[in-house]
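Notes to accompany the following structure.
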Amino acid sequence: MTLFLATLMAGTILLSFGLAMTWNSYAIRSFARALPRSEWASALLFGGAALWLLARLSTLKATDLVFFESPLPVMLGFGLLAVLAYIHVRDFLAVRGLCVVSLLGAEQLLGAAYGQYAHPQRLLMVAAVYIVICLSLYLAVAPYRLRDLMEWLFLKRARTRWLGVILLLYGTATTAAALTLP
């Protein structure tokens, strides 16, 4: 992935979340409140995260594997853990899946910015990605906090609109920065 594409993708994601928060319709509020315990979101996000992780594990090199000669035992172990988690730990599984997808996506975005010191505008994207990483690590440990955050955020329309405006402005700046990249 190129730095242009990574920065444009991050800006587009920020813009779309900003628009959703600024619009703040009943459908968006009900979707956000239902997301942490949603069955279909659990299947989509956690299933997608597990598949993405297994695909990532399949590309491990011999230097990454300490005890094994091929990545197959590691893939089987993580695949079994994912299936067992989906069966036995259903509570807030969508939040955990979202966190894993965010962390795997962050790896791709930061990889595109690695070593690109000649382009300081990359820092807009990198700063947003690091905020998402910190938030994902926190929510993976305490996924019920996302439910609490959604309840607090949607309690007053002004909170949601302010967050939306901030995300819109930051997304616009990040998208504009992407358009200045070669």
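List the residue pairs whose Cβ atoms are under 9 Å apart, where the first residue sits in region 48-61 and is farther than 17 Å from V101 by Cβ, the second is in a helix (DSSP H, G or I) and not aromatic (F, W, Y), and the two are 6 or more positions apart or on different chains.
These pairs meet every condition: S58/L72; S58/M75; L60/V74; L60/M75.
Would you mind stating whether G115 is assigned to a helix (DSSP H, G or I), within 21 Å of M9 (Cβ to Cβ) and not basic (K, R)? Lay out the reasoning, then the answer.
Values: assigned to a helix (DSSP H, G or I): no; within 21 Å of M9 (Cβ to Cβ): yes; not basic (K, R): yes.
Here the answer is no, as G115 does not meet what is asked.
Just to be sure before I move on: is L54 surrounded by 15 or more Cβ atoms within 10 Å (Cβ to Cβ), more than 19 Å from L135 (Cβ to Cβ), of a type in the set (A, V, I, L, M) and at pLDDT 90 or above in the structure I sent?
Values: surrounded by 15 or more Cβ atoms within 10 Å (Cβ to Cβ): yes; more than 19 Å from L135 (Cβ to Cβ): yes; of a type in the set (A, V, I, L, M): yes; at pLDDT 90 or above: yes.
The answer is yes for L54.
If we scan region 154-162, do we find a residue that is farther than 27 Å from N24 by Cα, assigned to a helix (DSSP H, G or I), over 20 Å from the mean Cα position of the chain (by Cα) and of a type outside the set (D, E)? Can you show your working first?
Of the residues in region 154-162, the ones farther than 27 Å from N24 by Cα are none.
Scanning region 154-162, I find no residue that is farther than 27 Å from N24 by Cα, assigned to a helix (DSSP H, G or I), over 20 Å from the mean Cα position of the chain (by Cα) and of a type outside the set (D, E), so the answer is no.
For region 124-160, how many residues meet the condition of being closer than 28 Å to A177 by Cα and surrounded by 15 or more Cβ atoms within 10 Å (Cβ to Cβ)? Working first, answer last.
Going residue by residue through region 124-160, those that are closer than 28 Å to A177 by Cα are 124-137, 159-160.
Narrowing the set further to residues that are surrounded by 15 or more Cβ atoms within 10 Å (Cβ to Cβ) leaves 124-126, 128-129, 132-133, 135-136, 160.
Count: 10.
Name the residues in region 118-152 that are in contact with a helix residue (DSSP H, G or I) (Cβ under 8 Å, 6 or more places away or on another chain), part of a loop (DSSP other than H, G, I, E, B) and either aromatic (F, W, Y) or more than 22 Å from R37 (Cβ to Cβ) (or both), would you?
H119, Q121, listed by residue number.
Determine whether region 97-109 contains at least one residue that is at pLDDT below 95, among the charged types (D, E, K, R) and farther than 13 Å from L14 by Cα.
First, pick out the residues of region 97-109 that are at pLDDT below 95: none.
The answer is no, given that none of the residues of region 97-109 is at pLDDT below 95, among the charged types (D, E, K, R) and farther than 13 Å from L14 by Cα.
The values are calculated or read from the model by the stated rules, or taken from the named source; none is laboratory data. All values derive from a computational prediction rather than experimental measurement. With ideal geometry, Cβ positions are generated from the backbone for all residues, glycine too; neighbour counts draw on all protein chains shown.
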